[in-house]
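Before any comments, here is the structure.
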Amino acid sequence: MTSLTNSLYTCKAQNELCKAFSIKLSTNSQVVLIARNAGYNALFIDLEHGWQTLAEASSLCIVGLLAGITPFVRVPHQCGNGFVQRVLDGGAMGIIFPHIHSAEDAKAAVRISKYPPVGCRSMTGPQPIFGMKTVPMKETIQQCNESASTVIAMIESKDAIEIVDEIAAVEGVDVLLVGSSDLSIDLGVPGQLASKTYRSAVEEVSQACHKHGKILGIAGVYDNPDVHDWTINTLGARFMLVQQDAGLIAAGAVKSVEALPSVRS
């Protein structure tokens, strides 16, 4: 039987942090190798706020599979089951679902991500996750449902926090990923990651994860050692969106200009 490796589950088993790199701008697959060489475990290919086509996202996923860095794809909110299915068929090993507001939202995410009898995903032919080899249908279902259909539910609103225990209880959800930017905005403390309001909300997500055996994930926190240490070592986060290509380019561009000396007259 074909054995698929999903870095999220490997890191979880070893009690390590799964570090994800977000791709919003680049369509060139060399960025995947840059992320791999930097020590990232996973890709966070962003089709919610990014501009890649499905074909471009699939190419990034395939290079990730070949390079040994697990590709996850964030889909647009309410994009439809057909879109999610095409992303999975294109080589994604999991889907990041933004704006999960209820247990029903989470259940719907699981259904479209999994083959029957767990879900309602439709069967296709050879897939990138199997190197485009023909794999028996029974094995395809088992391997995909167990290892190549991670469900990452984003918690980004006050109403989701209020029922986060119900969301965390949904079977088949692997990660509750705190969308720190949108969550802080909805809580009335935009970008104030040191505020009691934001921190209390994240603590509630953490408690729900521990209670129901889910992985706590953090997104929207970049280059912030204090928040990183708190979420990883106090709350137990094991999935982290560490950085994105757009942010690195923007910060690097500013830094390079600031490093120039003034013109001496």
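Within the range 143-163, the set of residues being without any contact (Cβ under 8 Å) to a residue 60 or more places away in the chain, of a type in the set (Val, Ile, Thr) and out of contact with any Asp or Glu (no Cβ under 7 Å at 6 or more places or on another chain) comprises just one member, ILE155.
Say whether the condition of being more than 25 Å from CYS11 (Cβ to Cβ), touching a residue at least 12 places away in the same chain (Cβ under 8 Å) and either of a type in the set (A, V, I, L, M, F, W, C) or out of contact with any strand residue (DSSP E or B) (no Cβ under 9 Å at 6 or more places or on another chain) (or both) is met by at least one residue in the range 31-38. No: the range 31-38 contains no residue that is more than 25 Å from CYS11 (Cβ to Cβ), touching a residue at least 12 places away in the same chain (Cβ under 8 Å) and either of a type in the set (A, V, I, L, M, F, W, C) or out of contact with any strand residue (DSSP E or B) (no Cβ under 9 Å at 6 or more places or on another chain) (or both).
Screening ILE141 against (1) over 19 Å from the mean Cα position of the chain (by Cα); (2) modelled with pLDDT of 95 or more; (3) of a type in the set (Val, Ile, Thr); (4) not in a helix (DSSP H, G or I) leaves a single unmet condition, (4). Of the residues making up the range 234-254, those that are closer than 14 Å to GLY220 by Cα, at pLDDT 95 or above and among the aliphatic types (A, V, I, L, M) are ALA237, MET240, LEU241, VAL242. Considering the range 35-120, the qualifying strands (runs of 3 or more DSSP E), each wholly inside and each with 1 or more residues that are crowded, with 19+ Cβ neighbours inside 10 Å and acidic (Asp, Glu), run over 42-46.
Taking strands (runs of 3 or more DSSP E) as the structural unit, those lying wholly within the range 164-265 and holding at least 1 residues that are in contact (Cβ under 8 Å) with a residue 40 or more places away in the chain and surrounded by fewer than 21 Cβ atoms within 10 Å (Cβ to Cβ) correspond to 239-244. Filtered by the rule that a residue be within 19 Å of the chain's Cα centre (by Cα) and within 16 Å of SER157 (Cβ to Cβ), the range 185-216 gives VAL202, VAL205, ALA208. Of the listed requirements (1) touching a residue at least 60 places away in the same chain (Cβ under 8 Å); (2) under 15 Å from VAL173 (Cβ atoms); (3) touching a strand residue (DSSP E or B) at 6+ places or on another chain (Cβ under 8 Å), MET93 misses just one: (2). The set of residues in the range 121-149 being more than 23 Å from THR10 (Cβ to Cβ), surrounded by fewer than 18 Cβ atoms within 10 Å (Cβ to Cβ) and of a type outside the set (Gly, Ala, Ser) consists of MET123, THR124, PRO126, MET132, THR134, PRO136, MET137, LYS138.
The values are calculated or read from the model by the stated rules, or taken from the named source; none is laboratory data. Everything numeric in this text was worked out from a predicted model, so none of it was measured. Neighbour counts are summed over all protein chains in view; Cβ atoms, including those assigned to glycine, are modelled from backbone coordinates with ideal geometry.
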